[in-house]
Structure formats: C-alpha cells, structure tokens
Amino acid sequence: TINRIKKSQEEKEQQLSSRYKALINNMPIIYFQKQLLKDKDGRIINSKILDVNHAFEEYLGIDKEDIIGKELDMLQMRYPQLKFINKQNIGTNKSIIIPNQNNEKRYFDKMMFPGIEEGVVDVFCIDKTDSHKILLHAEDHLRSLESILDNLPIAAKVKDVNDDFKYVFWNKKAE
C-alpha cells in the first residue's frame with residue numbers, strides 16, 4: 001500500500017507540473033527563466049537561459065532550442081534583440097522597451113521573481129504599449145487644451161475643489 005500511495009503522489013505531482021508548464025507556455029505574456037552565474041565572491045557575472053515560453057519565441061523570433069542552456073553574453077551577440085535581458089537579480093522590476101523580430105519597439109513592464117531553486121529567476125514581461133500610447137495621447141491632448149486656454153482673450157482660472165480651492169491653472173490673461 002505504501003508503494004501505491006507513493007505512486008499516486010508522484011502522478012499527482014506530474015499532473016500539477018504539466019498544468020504549470022502548460023499555463024506558462026500558453027499565456028500571452030513573455031516569460032523566461034534564467035540562472036544567475038556567480039564568481040567565487042558571489043558576484044553575478046552572467047546568466048544562463050533555462051526556459052522560455054511560446055510568447056517569447058513568437059515575439060522575438062527565436063526558437064527555444066537555440067537558446068536554452070546557453071549563456072547570456074554569447075546569446076546577446078547572436079541575438080541583439082535579447083539586450084533587454086540583463087544579469088540583474090530579483091527586485092529590479094521596471095518598464096522597458098523590447099523591439100520585436102521586425103525591430104518594432106513595444107513597451108513592457110518587466111517583473112523578476114525568485115525561482116524555486118537558489119540562483120534561478122523567473123521573469124515576466126507584460127506588454128503595456130497600448131496603455132503607453134493612450135497616456136502619451138492624453139498628455140498631448142492636455143498640452144493642446146492648455147495652449148487653447150492660454151491664448152484665450154479672457155482671464156481663465158482653474159481651482160481644485162478637493163484641495164481648499166487652490167489654483168491649479170491660470171492662463172496668460174489671468175496673470
């Protein structure tokens with residue numbers, strides 16, 4: 001009975017692992033896993049790519065088999081589009097630009113998390129290009145409105161009703 005319980009547990013673990021791999025591989029977010037390579041003093045000197053998902057392959061135009069198990073320094077010479085992958089450890093979440101295989105630039109939020117094993121990092125890159133474009137468009141629109149208000153032949157003032165009616169904008173005529 002112990003062998004049967006052990007076998008059942010192994011099957012459950014295998015099913016869970018398969019589900020996890022399917023989830024990672026099928027999500028529309030760029031994912032890769034890297035191992036941090038350190039010198040004898042513990043300083044990060046390079047990284048090795050351990051895994052990538054389908055979105056990574058599709059977006060960057062690089063087959064998984066061509067990069068798995070290879071060191072980042074060598075990969076970046078062959079695939080310049082991998083420059084966004086750095087040797088940094090976790091805790092370096094930031095916004096980055098990643099050109100795709102056609103060299104079109106898109107904006108991503110890059111998040112890095114510690115993997116299960118020591119020295120392994122899971123990295124997720126979420127495409128924020130559409131949000132970025134909307135924000136840029138909104139800023140352009142705001143500048144246009146301010147320009148219109150600034151050139152009105154009448155004095156215009158704007159106060160914040162939620163902040164003791166402090167002035168937030170006034171045009172040239174109001175000055």
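The values are calculated or read from the model by the stated rules, or taken from the named source; none is laboratory data. Being a predicted model, the structure only gives us computed values, none of them experimental. So basically every Cβ, Gly included, is an ideal-geometry build from the backbone, and we count neighbours across all protein chains shown. Surface accessibility is based on the protein's heavy atoms, side chains included, excluding ligands, DNA and RNA. Shrake-Rupley method; radii C 1.70, N 1.55, O 1.52, S 1.80 Å.
When you check residue 34 against the structure, is it among the charged types (D, E, K, R), surrounded by 15 or more Cβ atoms within 10 Å (Cβ to Cβ), closer than 26 Å to residue 119 by Cα and modelled with pLDDT of 90 or more, yes or no? Yes: the conditions hold for residue 34. For the subset of the range 23-66 comprising residues that are among the acidic types (Asp, Glu) and part of a helix (DSSP H, G or I), which member is farthest from residue 81 (Cα to Cα)? Top of the filtered list is 65. In the range 67-85, the qualifying residues are those that are assigned to a loop (DSSP other than H, G, I, E, B) and free of Cβ contacts under 8 Å to residues at least 24 places away in the same chain, and the one that is least open to solvent (accessible area, probe 1.4 Å) is 67.
Would you be able to say whether some residue in the range 91-98 is open to solvent by less than 30 Å² (accessible area, probe 1.4 Å), part of a helix (DSSP H, G or I), modelled with pLDDT under 90 and under 24 Å from residue 37 (Cα atoms)? No, because not a single residue in the range 91-98 is open to solvent by less than 30 Å² (accessible area, probe 1.4 Å), part of a helix (DSSP H, G or I), modelled with pLDDT under 90 and under 24 Å from residue 37 (Cα atoms). Has the range 111-127 got any residue that is free of Cβ contacts under 8 Å to residues at least 12 places away in the same chain, farther than 26 Å from residue 45 by Cβ and open to solvent by 60 Å² or more (accessible area, probe 1.4 Å)? No.
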